[in-house]
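J.: This is the structure, below, for whatever I ask next.
The values are calculated or read from the model by the stated rules, or taken from the named source; none is laboratory data. Note that the structure is predicted; figures quoted are calculated from it, not measured. When we count neighbours, we look across all protein chains shown, and the Cβ atoms used for this are built from the backbone with ideal geometry, even at glycine.
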Amino acid sequence: MGDNELDLELVRRVQRGDKTAFDLLVRKYQHRLGAVIGRFVHDHSESQDVAQESFIRAYRAIGNFRGDSQFYTWLYRIAVNTAKNHLVAMKRRPPTSDVEAEDAEHYAGAQRMHDTDTPERELLKEEIAREVSATVAALPEELRQAITLREVEGLSYEEIAETMDCPIGTVRSRIFRAREAIDARLRPLMDSNRVRP
Amino acid sequence: MTELDETTCEQLSAWMDGALPADEARFLERRLRNDAALRAKWERMQLASACLRGHEVRAMAADLPERIAAAIGVDAPARVPGSAGPWRPRSRSR
């Protein structure tokens with residue numbers, strides 16, 4: 001089961017009434033969705049409200065999700081519509097063109113409309129990315145290779161085992177140890193800097 | 001806060017990749033329902049994963065998942081370090 005299949009499984013559980021499964025989807029996608037909403041709604045406090053509303057709309061509509069598209073793509077569309085509706089309600093003009101879900105997140109920098117994140121928030125985003133990158137760079141070779149093959153190349157455990165010529169159990173352990181190293185750096189950063197609504 | 005044991009965290013990592021055997025997955029899923037610290041770890045692992053995959057992220061408010069949980073009518077667990085700031089009571093929408 002891959003990443004999309006896990007999303008689909010969580011969606012199926014939500015459809016059967018498991019709200020914890022929805023919480024896991026929220027926690028998985030909130031920060032990515034926040035970046036998308038931030039392209040439309042620049043005020044951070046407002047963007048939090050739009051994110052909340054987007055997830056609530058998604059929850060209410062999830063019974064209609066059939067898995068024809070990836071869950072994130074479906075969620076992305078709800079968020080974009082919610083953000084545009086918010087701008088209309090606030091008597092602000094939504095952008096006339098949209099950015100496709102698959103492309104939107106890779107437009108950082110040049111394509112960004114405006115970003116009114118505070119310097120502290122910008123710093124936090126940069127710190128998160130920097131910590132993750134620096135931690136991976138400092139990992140022992142076998143851990144770095146395993147996490148890179150998984151996260152960057154998108155290989156399955158079986159494919160990584162074949163590439164690294166080691167048992168699948170070793171792959172699982174190496175990926176876990178790499179994630180633990182990253183988490184050890186990420187956790188204090190989020191504990192101390194996470195923004196308040 | 002709940003102390004997370006290494007075995008559970010390794011299971012979470014494998015589950016995230018869809019690579020956890022069904023029997024272990026059932027155990028982990030039960031634990032996830034009742035363990036806020038484990039869900040916070042899931043959130044951080046997903047954030048790291050998004051960064052590694054080159055997705056743009058924007059750090060959202062610490063209590064966003066709880067606000068959403070409250071809005072859809074589920075008891076959100078008390079916040080734990082690594083996902084949030086200090087817990088504070090909220091009004092119920094139910």
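J.: Under 13 Å from B:LEU64 (Cβ atoms) and within 13 Å of the chain's Cα centre (by Cα): which single residue out of A:VAL50, A:VAL26 fits that description?
T.: On inspection, the qualifying residue turns out to be A:VAL26.
J.: Restricting to region B:1-29, what's the tally of residues that are part of a helix (DSSP H, G or I), more than 10 Å from every other protein chain (Cβ to nearest Cβ) and within 20 Å of A:GLU5 (Cα to Cα)?
T.: Selection size over region B:1-29: 5.
J.: Check off (1) over 17 Å from B:PRO65 (Cα atoms); (2) among the charged types (D, E, K, R); (3) surrounded by fewer than 16 Cβ atoms within 10 Å (Cβ to Cβ) for A:ARG60 and give me the number that stays unchecked.
T.: Status for A:ARG60: all satisfied but (1).
J.: Right, here's the next one. I'd like the residue in region B:30-78 that is more than 7 Å from chain A (Cβ to nearest Cβ) and small (Gly, Ala, Ser) and, out of all such residues, is farthest from A:ILE56 (Cα to Cα).
T.: Per the stated criteria, the residue is B:ALA37.
J.: Would it be correct to say that A:GLU159 is within 19 Å of the chain's Cα centre (by Cα), among the charged types (D, E, K, R) and surrounded by fewer than 19 Cβ atoms within 10 Å (Cβ to Cβ)?
T.: So A:GLU159 does not fit the description; no.
J.: Condition test on A:ASP49, is it farther than 15 Å from A:ILE78 by Cβ, out of contact with any helix residue (DSSP H, G or I) (no Cβ under 6 Å at 6 or more places or on another chain) and surrounded by fewer than 21 Cβ atoms within 10 Å (Cβ to Cβ)?
T.: In short, no.
J.: Restricting region A:122-144 to residues that are surrounded by fewer than 18 Cβ atoms within 10 Å (Cβ to Cβ) and under 30 Å from A:GLY169 (Cβ atoms), which is nearest to the other protein chains (Cβ to nearest Cβ)?
T.: A:SER133
J.: If you scan region A:74-106, which residues turn out to be under 15 Å from the mean Cα position of the chain (by Cα), surrounded by fewer than 18 Cβ atoms within 10 Å (Cβ to Cβ) and modelled with pLDDT under 90?
T.: Selection gives A:GLU102, A:ASP103, A:HIS106.
J.: Residues in region B:41-50: is at least one within 24 Å of A:GLU53 (Cα to Cα), at pLDDT below 90 and not aromatic (Phe, Trp, Tyr)?
T.: The answer is no, given that none of the residues of region B:41-50 is within 24 Å of A:GLU53 (Cα to Cα), at pLDDT below 90 and not aromatic (Phe, Trp, Tyr).
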